[in-house]
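I have placed the structure first, in the form of structure tokens, so that the comments after it can refer back to it.
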Amino acid sequence: MFEALSVISDLVIFATLIAVVYYAGIARYIPNDRIGILEKMWSKSGSIKEGLIALNGEAGFQPNALRGGFHFFFPFQYRVHKSPLVTIPQGQIGYVFARDGIPLAPIQTLASNQVADNFQDTEDFLRKGGQKGPQRKILREGTYAINLAQFIVLTKERAYSKNLEKSEASLIEQMGQLIFERHGYDAVVIKDADDSIGVVTVHDGPALPEGEIIAPAVGSDPSDPQTFHNNFQDPENFLRAGGFRGRQHHVLVDGSYYINRLFATVELINKTVIDVGTVGVVVSYIGDQGQDTSGDLYRHGELVEPGFRGVWNRPLLPGKYAFNTYAGKVIIVPTTNFVLKWAKSDTGPHRFDENLSEVSLITRDAFEPTLPLSVVVHIDYMKAPFVVQRFGDVKRLVEQTLDPMVSAYFKNIGQTKTLIELLQDRNEIQDRSSQEMRSKFSVYSLELQEVLIGTPRSDEEHGKGIEQILMQLRNRQIAVEQVDTYKLQEAASVQERTLKEKQAMAEQQTQITISALSVQVKENEGKAKLALAKQEAETIQVTAKANADRIRIEGQGEADRIRAIGFADAERTKAMGLATAEATEKQVAAYGGPEYQLHSQVLMRFAEAIEKGRLPLVPNIAVGGGRESQGGSGSLVEAMLAMLLAEKSAVGGKALNPNTTEATKPPSARPGDQ
């Protein structure tokens, strides 16, 4: 029992010792995920004279925070306030409010952090001249060990602070609400698909010079680290580069930007889109005074080079532009043909003509119709700045210049025409107006393409007379159409009769076709027989001709053969005769002459004849001779010999002259006459 009482006594003594150590402030334990804010209860130096943080060991909140672990102090001198570490989530921003430091200057909205920018070292911050109040520098993602007695950190989830008074708490709450309304806890994100740009308004720094409405762009050179503010993400460099508070000319394009919304707010506006078929004429509100480039003959305003104040002489071509519409205005001017319609009930998509109405006319015959018009206009894209400089915009040009000019022109035309002429001469009036008004439009830097005239209409007061005229014209046209209709009906009747004839003929077409085919078959058969007969005749003719040619050729050959044989025989006979004659001549010469030879041959022939004919040597009848007639008498033998000699002489082709012994040849028996 004594031992138990001893243990209890020891525990009581240990607990009492622990309590004394704790309450006396001798030792403190700080977890690693927290910090300890040290408050000094008393000091030999006394209390601090001004401010909140004791930099010189005075009593009060000490500048340095305690990190995790055990810390030992002099008894009853310090109080330790445990606070969480400050955590900024990914993609968010933390805002810092300093409770102690140098007061802000009258022109400042936020505290400068050019030198004192380390919020985790309170002593360094204060000794380098850190200013109290909301800071320009922001905290990005991460965990920070910050003395929350000196700094208040505002995040999207909570406010990190220590020992706030009600008035101070109200101020911090208002600042947090302002940041929340400006979406300041998140980065500024501009997406490509949104076709937006960010217009920045800076709330800190020197004011704009008098007469300026947009702060000029500064600090956009990345090669200068002292002035490059990286799209307003570094406020100190922006102010060091000479930036002014107010709406900035420099805009933010696609991307993410971590900007202190207490320093600058961002307004998203649409990009300037210039469609195909249009150009954008820029009217700049900022810049220096430029030199007029419009020329000496242009007295309707100045045109300047891009970058100067005024109307730029070069328009923006189709595309998307990150144009700050607070620094200027872009007037869209169509460059394709567009139509202006003088008609109340019809307005073009560009709405330049929404205030135009039909032109009221008074014709020569005292009618008062209204005339609808359409005018096709084109603007040269290089002349678009002249149009804007002279009239402000296209709609003002249409309403203040083109409308009265076109109306007056057609009123003058209407006074020279009757209503019927106005209707019938529409094409002529249209061509004439297009030619005459083209030069007038060119004076205003416009190109007139065509004028289109509609049908004159009647108003409520004077409409009946026009309707009567139109009714008469319609009746006249109906009569003309009826005449044409009758002519067409007559032609149709003739055509119908022809059609019926054709149909009747078509019904008999089968028989006609059969008979026609029969005729054609017979004709073809006759032609075939004729062709066969002709072919046979030609065959016979060719055969006969061939036979005749063969016979002629054979006869010719045979004649040539016979002639050749005859010539040969004649030559042979001639030769034999010549030889015989020569022999006979020699024999005759040998036997007493040719007369003797003749008598010998005659007698020889006579003897042969008697022998062959078996004639009696003594004739049965005695015949008297011619010797007596010649003065002498002869015997029968002599008479016969004389006859034989005469006959032989005729047969042999020779005649003996009784008075001579020379033989002669008759003409027909000459050689060569064969």
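The values are calculated or read from the model by the stated rules, or taken from the named source; none is laboratory data. Owing to the predicted nature of the structure, the values given are computational and were not obtained by experimental measurement. Note that we place each Cβ from the backbone using ideal geometry, even for glycine, and neighbour counts take in every protein chain shown.
Please work out if Lys344 is surrounded by fewer than 21 Cβ atoms within 10 Å (Cβ to Cβ), out of contact with any helix residue (DSSP H, G or I) (no Cβ under 6 Å at 6 or more places or on another chain) and in contact (Cβ under 8 Å) with a residue 24 or more places away in the chain.
no
Could you tell me which residue of segment 179-215 is nearest to Pro134 (Cα to Cα), considering only residues that are in contact with a helix residue (DSSP H, G or I) (Cβ under 9 Å, 6 or more places away or on another chain) and crowded, with 19+ Cβ neighbours inside 10 Å? Going through the qualifying residues, I end up with Asp204. Only one of the numbered conditions (1) touching a residue at least 60 places away in the same chain (Cβ under 8 Å); (2) surrounded by 17 or more Cβ atoms within 10 Å (Cβ to Cβ); (3) part of a loop (DSSP other than H, G, I, E, B) is not met by Pro385, and that is (3).
The single condition among (1) of a type in the set (Phe, Trp, Tyr); (2) part of a loop (DSSP other than H, G, I, E, B); (3) under 60 Å from the mean Cα position of the chain (by Cα) that Phe74 does not satisfy is (3). Being farther than 14 Å from Ile37 by Cα, hydrophobic (A, V, I, L, M, F, W, C) and outside the structural domain of Arg245 (by TED's automatic domain parsing): is that true of Phe125 here? The answer is no for Phe125. Within segment 216-229, identify whether any single residue is more than 49 Å from the chain's Cα centre (by Cα), in the same structural domain as Thr109 (by TED's automatic domain parsing), surrounded by 15 or more Cβ atoms within 10 Å (Cβ to Cβ) and of a type in the set (Ser, Thr, Tyr), and answer yes or no. There is at least one residue in segment 216-229 that is more than 49 Å from the chain's Cα centre (by Cα), in the same structural domain as Thr109 (by TED's automatic domain parsing), surrounded by 15 or more Cβ atoms within 10 Å (Cβ to Cβ) and of a type in the set (Ser, Thr, Tyr). Taken over segment 134-153, the residue count meeting the criterion of being in a strand (DSSP E or B), under 19 Å from Tyr257 (Cα atoms) and not basic (Lys, Arg) is 4.
Which one is nearest to Gly51 (Cα to Cα) among residues in segment 111-124 that are buried (at least 20 other Cβ atoms within 10 Å of the Cβ) and touching a residue at least 60 places away in the same chain (Cβ under 8 Å)? The residue in question is Thr122.
Yes or no, residue by residue, for (1) hydrophobic (A, V, I, L, M, F, W, C); (2) surrounded by fewer than 18 Cβ atoms within 10 Å (Cβ to Cβ); (3) touching a residue at least 24 places away in the same chain (Cβ under 8 Å):
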site	(1), (2), (3)
Gly290	no, no, no
Gly295	no, yes, no
Tyr298	no, yes, yes
Leu303	yes, no, yes
Arg309	no, yes, yes
Asn313	no, no, yes
Leu316	yes, no, yes
Phe323	yes, no, yes
Lys329	no, yes, yes
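Residue check: Gly142 meets all listed conditions (1) exposed (fewer than 15 other Cβ atoms within 10 Å of the Cβ); (2) in contact with a helix residue (DSSP H, G or I) (Cβ under 7 Å, 6 or more places away or on another chain) but one, namely (2).
Against the definition (within 18 Å of Leu239 (Cβ to Cβ), outside the structural domain of Ile37 (by TED's automatic domain parsing) and not small (Gly, Ala, Ser)), how does Ile138 come out, yes or no? Taking the combined requirement at face value, the residue satisfies it. For segment 420-439, does any single residue satisfy the condition of being part of a loop (DSSP other than H, G, I, E, B) and either in contact with a helix residue (DSSP H, G or I) (Cβ under 6 Å, 6 or more places away or on another chain) or farther than 30 Å from Glu302 by Cα (or both)? Yes; the residues of segment 420-439 include at least one that is part of a loop (DSSP other than H, G, I, E, B) and either in contact with a helix residue (DSSP H, G or I) (Cβ under 6 Å, 6 or more places away or on another chain) or farther than 30 Å from Glu302 by Cα (or both).
Is it the case that some residue within segment 192-206 is under 46 Å from the mean Cα position of the chain (by Cα), in contact (Cβ under 8 Å) with a residue 40 or more places away in the chain and part of a helix (DSSP H, G or I)? Scanning segment 192-206, I find at least one residue that is under 46 Å from the mean Cα position of the chain (by Cα), in contact (Cβ under 8 Å) with a residue 40 or more places away in the chain and part of a helix (DSSP H, G or I), so the answer is yes. So is Gly184 touching a residue at least 40 places away in the same chain (Cβ under 8 Å) and over 30 Å from Leu85 (Cα atoms) or not? So Gly184 fails the test. Among the numbered conditions (1) assigned to a loop (DSSP other than H, G, I, E, B); (2) closer than 25 Å to Gly133 by Cα, the only one that Val266 does not meet is (1).
Taking the criterion of being over 23 Å from Val273 (Cα atoms) and not in a helix (DSSP H, G or I), the residues of segment 179-191 that qualify are Arg182, His183, Gly184, Tyr185, Asp186, Ala187.
If you take the residues in segment 234-270 that are of a type in the set (Asp, Glu) and over 19 Å from Ala322 (Cβ atoms), which one is nearest to the chain's Cα centre (by Cα)? Let's see the steps before the verdict.
Just the residues of segment 234-270 that are of a type in the set (Asp, Glu), to begin with: 234, 236, 254, 267.
Still in the running and over 19 Å from Ala322 (Cβ atoms): 234, 236.
Values: Asp234: 50, Glu236: 54 Å.
Going through the qualifying residues, I end up with Asp234.
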